[in-house]
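Scroll down for the structure; my scribbles are underneath it.
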Amino acid sequence: MKNKIAQVFAKQIAPLFRKNPDKFFKGITGVIHVGANTGQEIQLYAEHNLNVIWIEPIDDVFETLKSNLKNFPRQIAVRGLVTDINNKEYEFNIASNNGASSSILDFNLHKDIWPEVTYEKTIKIFSKTLPTLLQDHNIDLSNYDMLVMDTQGSELLVLKGALPILSNFKFIKTEAPDFESYKGCCQLKDLESFFSVNGYQECFRNKFATHPNGGSYYDIIYKRIK
């Protein structure tokens, strides 16, 4: 039965997503966006009348994010570093592009695509899992049925930590390379393995960057199928 559902989805639904990747917003109530930066998608989410929780770990970037959200009452910012474990101290690398490429991981082949991006400093941050962070802020998860991740290589850690609440999300969107952009980073193959055993199937993929020696970066959307 599960294989039949997946086949129907692949034939009938996935092509609609490829044609219009924003179409799925019409079927959800809210987004939890891990790795917010300054909230580049604020207006997009507002256009679809979504509730949004933005999660950002860097203090000064977080303050900019809060300022950007002043006129969007359905969107709120939460400060935190999300991984698969609570209260672990990480050395968090702050990137020169206004923090957009910041990560708990060191650069590897990332610098071959974006040589102008460097790490400017390192700070120490304690992590929390996504369920713990949401609980700490008394967030009603029923208002949020999509997860978006932009955590620069630690996406698999976010997902593993979110396993107790993962089935709440109809859609999960993430960036992922199919090469080692950051040292030990989550790659496309890791996501495929994770989602194949957790009830999700890829429904959209867009390539937005390519490494000079092969390999690419993608935006990918997965849909829950069970």
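Of all beta bridges DSSP finds with both residues in the stretch 46-151, what is the antiparallel percent, to the nearest 5? Can you show the working numbers first?
Details: 8 of 15 bridges.
Here the share of antiparallel DSSP bridges comes out near 55 percent.
Using 1/(1 + (r/R0)^6) with R0 = 25 angstrom and r between the beta carbons of Phe72 and Lys189, what's the FRET efficiency to the nearest 0.05? It would help to have the intermediate numbers written out before the result.
On the way: r = 36 Å, r/R0 = 1.46.
Plugging the Cβ-Cβ distance into 1/(1 + (r/R0)^6) gives 0.10.
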The ³J(HN,Hα) series, computed from each phi in the stretch 78-94 with the Karplus coefficients 6.51, -1.76 and 1.60 at θ = phi - 60°, rounded to the nearest Hz and given as x for glycine or proline, is 10, 8, x, 10, 9, 9, 9, 8, 8, 6, 9, 7, 10, 8, 9, 8, 8
Long-range amide H partners of Lys88, meaning residues 5 or more apart or on another chain whose placed amide H is closer than 5 Å, are Ser127
Taking every other residue with Cβ under 11 Å from the Cβ of Ile55 and scoring Lys and Arg +1, Asp and Glu -1, one gets 0
When Leu69, Leu44 are arranged by how many other beta-carbons sit within 10 Å of their Cβ, fewest first, they go Leu44, Leu69
Share of Cα-Cα pairs in the chain beyond 21 Å, whole percent, is 55 percent
Label model pair Phe208, Thr118: point-to-point distance (7 angstrom along the Cα→beta-carbon line) in nm is 2.5 nm
Amide H contacts under 5 Å for Thr210, restricted to residues at least 5 apart in sequence or on another chain and with H modeled in the peptide plane, are Tyr217
Rounded to the nearest 500, the 222 nm mean residue ellipticity computed for the chain from DSSP H runs (n ≥ 4, each -39500 (n - 2.57)) alone is -6000 deg cm²/dmol
Checked the stretch 42-144 against the a/c 1.5 cut and the a/b vs b/c comparison, axes a ≥ b ≥ c from its Cα gyration tensor; verdict oblate
Ranked output for segments 51-63, 156-168 by mean other Cβ atoms within 10 Å, highest leading, reads 51-63, 156-168
For Asp178, other-chain or 5+-apart residues with amide H closer than 5 Å (H placed, Pro excluded) are Leu188, Ser216
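Computed from the coordinates by the stated procedures, all read-outs in this text should not be read as laboratory data. This is a predicted model, so every value here is computed, not measured. With ideal geometry, Cβ positions are generated from the backbone for all residues, glycine too; neighbour counts draw on all protein chains shown.
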